[in-house]
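The values are calculated or read from the model by the stated rules, or taken from the named source; none is laboratory data. Everything numeric in this text was worked out from a predicted model, so none of it was measured. The area values use the complete protein model at the heavy-atom level, side chains included, leaving out ligands, DNA and RNA. Shrake-Rupley method; radii C 1.70, N 1.55, O 1.52, S 1.80 Å.
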Amino acid sequence: MELDVLVTSSDNCRKFKVEMVTGEPDPIVLSRTDGEWTVEHPGTRCFPPEGYEDLEKAIDNYLAENP
């Protein structure tokens, strides 16, 4: 899946807000604790479970490359 999104991290990289570049009003909120991901708020986009997994992997990869 290829998307243009903005990801903002908070809480020492444990919580992530994912917004489409169009600035939608209801972003996705993900959290990660001990390597386990939770969708705290799915936002207004309809993603299949694989879409969330792709987002989580992309964030994990970015954080691994940019400690």
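Hey, can you tell me all the residues within the range 10-38 that are open to solvent by less than 60 Å² (accessible area, probe 1.4 Å) and outside any loop (DSSP other than H, G, I, E, B)? Can you show your working first?
Of the residues in the range 10-38, the ones open to solvent by less than 60 Å² (accessible area, probe 1.4 Å) are 10, 13, 16, 18-20, 23-24, 26-32, 35, 37.
Once the filter is applied, which keeps residues that are open to solvent by less than 60 Å² (accessible area, probe 1.4 Å) and outside any loop (DSSP other than H, G, I, E, B), the range 10-38 yields SER10, PHE16, VAL18, GLU19, MET20, ILE28, VAL29, LEU30, SER31, ARG32, TRP37.
Just name the residue that is most open to solvent (accessible area, probe 1.4 Å) out of those in the range 39-67 that are assigned to a loop (DSSP other than H, G, I, E, B) and over 14 Å from LYS17 (Cα atoms).
Let us first name the residues in the range 39-67 that are assigned to a loop (DSSP other than H, G, I, E, B), namely 42-48, 66-67.
Those left that are additionally over 14 Å from LYS17 (Cα atoms): 46-48, 66-67.
Details: CYS46: 136, PHE47: 39, PRO48: 60, ASN66: 73, PRO67: 151 Å².
Here the answer is PRO67.
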